[in-house]
Amino acid sequence: MSKKPTFIRNASQLVTLAGSSNAPLTGEKMNQLHIIENGSVWLEDGLIQYVGKDEEAAERYKERLADAEIIDAAGKLVTPGLVDPHTHLVYAGSRENEFNMRLQGATYMEIMNSGGGIHATTSATREASHEALFEESRKRLDQFLLHGVTTAEAKSGYGLTIENEIKQLEVAGQLHEQHPVDIVRTFMGAHAVPSEYKSNPDAFVGMIIQEMIPEVARRNLAEFNDVFCERGVFTPEQAKRILEAGLKHGLLPKIHADEIEPYEGAELAAAIGAVSADHLLRASDKGIEMMAEAGVIAVLLPGTAFFLMAEFANGRKMIDAGVPVALSTDCNPGSSPTVSMPLIMNLGCLKMGMTPAEVLTAATINAAHAIKRGKEIGSLEKGKKADIVIFDVPNYMQLQYRYGVNHAHTVIKDGVVVVDGGRLVCSTATRILS
């Protein structure tokens, strides 16, 4: 951690999202970014110490300016570090052949049922050594950082055996320790029914409940427990059993819900009190209403719909219904091989009816709440982690208007500059640099 204070000065716009640390934003509040023009931030000991107008900050710290590292953000946009609350970061191999198959008309489930999809990545991940899996995933994480992501969730689910699920989660933990990006781990043994259990999926469900979940919890390898509730994968009844088993062992529930067809995933998420329900391309009106009442966060993944050439989730409807909405890349090798949260925000505007302010909220403070980190990150407020992105655009509207471009100029993690001028300058975890 840097011993020298850092003073970010003269930002054209400083997006603070102040006052939203206790709960995610909903409805019209998602448009309230709490912007300070000509804003500045004082960072010290890895934390934000002051946020305000430049002249006020300069007066407050006038006796210490000579000792600080000054970053001139004139003409630039300053935001909280981006948060990606749904990724399948740790995996081996690639599936570009399936991309070609989809272009020729094959569906996601057709590819999966023929032995491709999740099953193909499972085979590659099982075969990969811990070291190879770490190195391949580290390179992806570097790219996340270059695009402004300072915290990311990472799921298992490409092992589907105790040994290989643990391997994925251990690699994610090693990345957290050795890379600047903070990693939050989710166990997802219920990502698919492995081929060896195809004729008896309930036996696999039993193994997840009786063996995998207790061992993951005993080793403290994850905070969350996720399940792919979809016809042909896990039924709502099976998903409920798996999520309830996780709760008994202290793993908070998440759910891949209603991605391919309406399947009561959103309803289950509300009934069980899930932290988030993700995908939701085909969520029912009843499910959306129940999520709003229960306060379940909708983590929407427009990159997946874009890449699968599918109908997008109706973000506009969900926000208007009072559901707190977050955004994520869903980075994975089959349905969303991207690391670009800026592009995801662009797609939220262009394809899901969200405003430029709403997508920024969804990629910062609401995304932080989707992984139970809202009190630590996601907004620029005194006492929070000094995780900040300086974008080379003058305002947040241009961040969405100039789509498909990585505008991240400077990324600061725990008060340390890790990306400067769009180039990685630190690939070691800032928390071990003190």
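The values are calculated or read from the model by the stated rules, or taken from the named source; none is laboratory data. Computed from a prediction, not measured in an experiment: that's the story for all the values here. Cβ atoms come from the backbone with ideal geometry, glycine included; neighbour counts cover every protein chain shown. Quick note on the areas: whole protein, heavy atoms, side chains included, nothing else; ligands and nucleic acids left out. Shrake-Rupley method; radii C 1.70, N 1.55, O 1.52, S 1.80 Å.
Can you give the calculated 222 nm mean residue ellipticity of the chain, where each DSSP H run of n ≥ 4 adds -39,500 (n - 2.57) and the sum is split over every residue, rounded to the nearest 500 deg cm²/dmol?
Numbers: 17 runs with 153 residues, N = 434.
Result for the chain: -10000 deg cm²/dmol, rounded to the nearest 500.
Using a cut-off of 15 Å between beta-carbons, work out the net charge of the residues near Leu243 (Lys and Arg +1, Asp and Glu -1, Leu243 not included).
Working: positive: Lys155, Lys240, Arg241, Lys248, Lys254; negative: Glu223, Asp226, Glu230, Glu237, Glu244, Glu264, Glu267, Asp278.
Net local charge, Leu243 excluded: -3.
Considering the chain as a Gaussian network with a 10 Å cut-off on Cα pairs, which listed residue, Gly232, Gly353, Gly334, attains the greatest mean-square fluctuation?
Largest GNM mean-square fluctuation: Gly232.
With every protein chain present, what is the per residue accessible area of the chain (1.4 Å probe, Å²)?
On the way: 16050 Å² over 434 residues.
The answer is 37 Å² per residue.
Which semi-axes, in whole Å and largest first, does the equivalent ellipsoid of segment 336-401 have when worked out from the alpha carbon gyration tensor as the square roots of 5 times its eigenvalues? Each step should come with its number before you reach the end.
On the way: eigenvalues 89, 43, 25 Å².
Value: 21, 15, 11 Å, ordered largest first.
So how much slack lies between Glu196 and Glu63, counting 0.36 nm per residue of separation and subtracting their Cα-Cα distance, in nm?
Details: separation 133, 0.36 × 133 = 47.88 nm, distance 6.80 nm.
Working it through step by step, the gained length comes to 41.1 nm.
Filter the GluC sites (Glu not before Pro) in segment 10-74 to those in DSSP coil with at most 10 other Cβ atoms within 10 Å of their Cβ, and list the result. Don't skip to the answer; put the middle values down first.
Details: sites: Glu28, Glu37, Glu44, Glu55, Glu56, Glu59, Glu63, Glu69; in loops: Glu63.
In loop regions of segment 10-74 (DSSP not H, G, I, E or B), the sparsely surrounded GluC sites (Glu not before Pro) are Glu63.
Which order do peptides 279-289, 295-305, 220-230, 92-102 fall in by mean Cβ count within 10 Å, highest first?
Values: 279-289: 21.3, 295-305: 27.1, 220-230: 24.0, 92-102: 15.0.
Output ranking for 279-289, 295-305, 220-230, 92-102: 295-305, 220-230, 279-289, 92-102.
Between Gln178 and Asp420, how many nm apart are label points set 7 Å from Cα along the C-beta direction?
2.5
Which lysines does Lys286 reach when only Cα atoms under 22 Å apart count, and residues fewer than 8 places away in its own chain are ignored?
Lys240, Lys254, Lys317
Of Leu268, Leu175, Leu350, which has the largest mean-square fluctuation in a 10 Å C-alpha GNM of the chain?
Maximum among the listed residues: Leu350.
On a full-extension model of 0.36 nm per residue, what is the gain between Glu56 and Lys4, subtracting their alpha-carbon distance, rounded to one decimal in nm? Don't skip to the answer; put the middle values down first.
Working: separation 52, 0.36 × 52 = 18.72 nm, distance 2.05 nm.
Result: 16.7 nm gained on full extension.
Rounded to the nearest 20 debye, what is the charge dipole size of the chain about its Cα centre when +1 sits on each Lys and Arg Cβ and -1 on each Asp and Glu Cβ?
Roughly 440 debye, rounded to the nearest 20.
With respect to the cross-link table entries Lys76/Lys155; Lys384/Lys413; Lys53/Lys382; Lys139/Lys198, which display a Cα-Cα separation exceeding 22 Å?
Details: Lys76/Lys155 34 Å; Lys384/Lys413 12 Å; Lys53/Lys382 14 Å; Lys139/Lys198 34 Å.
Violating the 22 Å limit, Cα to Cα: Lys76/Lys155; Lys139/Lys198.
I'd like the distance between the alpha-carbon centres of segment 65-144 and segment 336-377, rounded to an integer number of Å.
For segment 65-144 versus segment 336-377, the Cα centre distance is 16 Å.
Rounded to the nearest angstrom and ordered from largest down, what semi-axes does the equivalent ellipsoid of the chain get from its C-alpha gyration tensor (root of 5λ)? Present the calculation step by step, with values, prior to reporting the outcome.
Numbers: eigenvalues 260, 104, 76 Å².
Values for the chain, descending: 36, 23, 20 Å.
Ignoring any ligand, DNA or RNA, what whole percent of the accessible area of segment 260-407 comes from carbon and sulfur when the probe is 1.4 angstrom? Working shown, then result.
Values: 2470 of 4820 Å².
Carbon plus sulfur share of accessible area: 51 percent.
Let me have the relative contact order for segment 165-219, percent, based on Cα pairs under 8 Å that are six or more residues apart. Display every interim value, and only then the final one.
Values: 22 pairs, mean separation 15.9, N = 55.
This gives 29 percent for segment 165-219.
Rounded to a whole number of µm²/s, how large is the Stokes-Einstein D of segment 79-196 at 4 °C and 1.567 mPa s, given Rh as the Kirkwood radius over C-alpha pairs? Could you put the intermediate results ahead of the total?
On the way: Rh = 14.9 Å.
Roughly 87 µm²/s, to the nearest whole number.
Out of segment 382-419, which trypsin sites (Lys or Arg not before Pro) are coil in DSSP terms and have no more than 14 other C-beta atoms within 10 Å?
Values: sites: Lys382, Lys384, Lys385, Arg402, Lys413; in loops: Lys382, Lys384, Arg402.
Of the trypsin sites (Lys or Arg not before Pro), the ones in loops of segment 382-419 whose Cβ has at most 14 other Cβ atoms within 10 Å are Lys382, Arg402.
If you build a Gaussian network model of the chain, linking Cα atoms that sit under 10 Å apart, which residue out of Glu261, Glu153, Glu165 swings the most?
Glu261
Please compute the contact order of the chain in relative form: average sequence separation of alpha-carbon pairs under 8 Å and at least six residues apart, divided by the residue count, as a percent. Don't skip to the answer; put the middle values down first.
Working: 1081 pairs, mean separation 96.3, N = 434.
Relative contact order here is 22 percent.
Once neighbouring chains are kept in place and the probe is 1.4 Å, which whole percent of the accessible area of segment 36-188 is contributed by carbon and sulfur? Write down the numbers at each step before the final one.
Working: 2670 of 5670 Å².
Accessible surface attributable to carbon and sulfur in segment 36-188 totals 47 percent.
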